[in-house]
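The values are calculated or read from the model by the stated rules, or taken from the named source; none is laboratory data. In this text the structure is predicted, and so the values were computed from the model without any measurement. Note: ideal-geometry Cβ built from the backbone for every residue, glycine included; neighbour counts use all protein chains shown.
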Amino acid sequence: MLVIPDRVPLAARAAVALRAALRRGEWEGWLPGERALSERLGVSRPTLRAALAELWRQGWVDVAQGRRRRILRGGGGSVRRRVVALLAPVPLEDLPAQVIFWIDRLRERLEADGWQMETHCDRACYSGRPERALELRVISANAGVWLLLRTTGRAQQWFVRRGVPCVLSGTCHEGIDLPAVDADLRAVCRHAAGLLLGRGHRRIALLMHQGGQAGDAASEVGFMEAFGGVRHAGAEAAVVRHDGSNVGVRKCLERLLRHGDRPTALIVARSAPALLVLTHLQRLGFRVPRDVSLIARDDDHFLEDTSPEMTRYRYDPMLHARRLFRMVIESAGGAPRPRQAYGMARLIEGETLGACRT
């Protein structure tokens, strides 16, 4: 059994013993499993994990794919900084106000716990082939944990393969298992479509960005689920994608409304396109909700001041920040299992939701 020094907390003593064993070169490449290490040290697994988390923070070991502990060459020479690196596709000032709000709250919590937050805006990390850009960015930052915002499926796969500690603010793509926090967008769109069907609408369209975000894919699944069963037989569901530009959103809307069997209700993903749809409908002479009902999947402060007031779903940004903080700290300590926390947003029933009149 390894000798543990006295007069210090048990987890700290276990960390001292492990460092001594690493200096002696008892293991090469990888640490033994938790069960074997617990038996050698004579400590419980929670105590062992606390000791391993300390070694990880000091740069002695890393957590690789499959949650195995890899021994880092040079012992303490590869210390990760006590930094949470936020990876974003655009500068902070271009993000929605709700996102900026929870980022600020999260930053406050992290700083109170002795962590710093850095922002990395790199469009190359969101390209069709982000691997090289991610490699350079992650190595140069040497952050303790990465916080990923709106990442692509390939980027998420890269973090899984490399075993880099990270937390996703968003939804995991299919087959990806990363710690994640987001609104349950599948449930939101299922609920929104159900509301419209319950008010007699039988031609409903979901407008989304064509970027292929996992949250949008989940939204489409939930939207289509609402149309299942005999009760809504004959109802027509359409999923329409735009390029995200103002011109693209307007053209997409105009194509929908051009046909005689135009939709009588719209669900719009993201707050800025929802506002654009509302104002363009009015510009084209449509009365909301008399001619077209409208629901925004997401919320932002400016949707409170629309006329008519937008019906929308609100996901608490304070709750989002708290959940992210817990997962970041868990990931920094080498938490053994990733988990996802998807919460239901609350319906804010404004004035753009009405019964079908056609």
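Does the range 226-234 contain at least one residue that is of a type in the set (A, V, I, L, M, F, W, C), under 25 Å from Asp184 (Cα atoms) and either part of a loop (DSSP other than H, G, I, E, B) or in the same structural domain as Val99 (by TED's automatic domain parsing) (or both)?
First, pick out the residues of the range 226-234 that are of a type in the set (A, V, I, L, M, F, W, C): 226-227, 230, 233.
Those still in the list that are under 25 Å from Asp184 (Cα atoms) too: 226-227.
Going one step further and asking which of them are either part of a loop (DSSP other than H, G, I, E, B) or in the same structural domain as Val99 (by TED's automatic domain parsing) (or both), we end up with 226-227.
Yes: one or more hits.
Test each condition in (1) at pLDDT below 90; (2) more than 28 Å from the chain's Cα centre (by Cα) for Gly212 and report the one that comes out false.
(2)
Please indicate, with yes or no, whether at least one residue in the range 273-295 is of a type outside the set (Gly, Ala, Ser) and touching a Cys at 6+ places or on another chain (Cβ under 8 Å). It would help to see each step written out before you state the result.
Start the filter on the range 273-295 by keeping residues that are of a type outside the set (Gly, Ala, Ser), which leaves 273, 275-284, 286-292, 294-295.
In the following step, the residues that additionally are touching a Cys at 6+ places or on another chain (Cβ under 8 Å) were identified as none.
No: the range 273-295 contains no residue that is of a type outside the set (Gly, Ala, Ser) and touching a Cys at 6+ places or on another chain (Cβ under 8 Å).
Output the qualifying pairs, or none if there are none: Cβ atoms under 7 angstrom, residues six or more apart or on different chains, first residue in the range 212-226 and in contact (Cβ under 8 Å) with a residue 60 or more places away in the chain, second residue charged (D, E, K, R).
Final answer for the pair search is Gln213/Arg150; Ser219/Arg186; Ser219/Arg297.
Given the condition in contact (Cβ under 8 Å) with a residue 40 or more places away in the chain, under 17 Å from Leu196 (Cα atoms) and crowded, with 21+ Cβ neighbours inside 10 Å, answer yes or no: does some residue in the range 303-311 qualify?
Looking through the range 303-311, at least one residue is in contact (Cβ under 8 Å) with a residue 40 or more places away in the chain, under 17 Å from Leu196 (Cα atoms) and crowded, with 21+ Cβ neighbours inside 10 Å.
Against the conditions (1) within 20 Å of Thr311 (Cβ to Cβ); (2) crowded, with 21+ Cβ neighbours inside 10 Å, where does Val240 fall short? Just the number, please.
For Val240, the failing item is (2).
Do we find that Gly175 is at pLDDT below 95 and part of a strand (DSSP E or B) in this structure?
On the way: at pLDDT below 95: yes; part of a strand (DSSP E or B): no.
The answer is no for Gly175.
Go through (1) among the hydrophobic types (A, V, I, L, M, F, W, C); (2) assigned to a helix (DSSP H, G or I); (3) not assigned by TED's automatic domain parsing to the domain that holds Trp102 for Leu294 and report which single condition fails.
The number of the failed condition is (2).
Every residue, every condition in (1) in the same structural domain as Ala20 (by TED's automatic domain parsing); (2) crowded, with 17+ Cβ neighbours inside 10 Å; (3) more than 15 Å from the chain's Cα centre (by Cα), yes or no:
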position	(1), (2), (3)
Ala85	no, yes, no
Pro91	no, no, yes
Asp104	no, no, yes
Leu110	no, yes, yes
Ala124	no, no, yes
Glu131	no, no, yes
Val138	no, yes, yes
Thr152	no, yes, no
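If you scan the range 300-341, which residues turn out to be assigned to a strand (DSSP E or B), in contact with a helix residue (DSSP H, G or I) (Cβ under 8 Å, 6 or more places away or on another chain) and modelled with pLDDT under 95?
Step one: filter the range 300-341 for residues assigned to a strand (DSSP E or B), giving 311-314, 340-341.
Keeping just the survivors that are in contact with a helix residue (DSSP H, G or I) (Cβ under 8 Å, 6 or more places away or on another chain) gives 312-313, 341.
The one that is assigned to a strand (DSSP E or B), in contact with a helix residue (DSSP H, G or I) (Cβ under 8 Å, 6 or more places away or on another chain) and modelled with pLDDT under 95: Ala341.
Just a yes or no: is a residue in the range 262-269 in a helix (DSSP H, G or I) and either in contact (Cβ under 8 Å) with a residue 40 or more places away in the chain or assigned by TED's automatic domain parsing to the domain that holds Ser307 (or both)? Working first, answer last.
Of the range 262-269, the ones in a helix (DSSP H, G or I) are none.
The answer is no; no qualifying residue exists.
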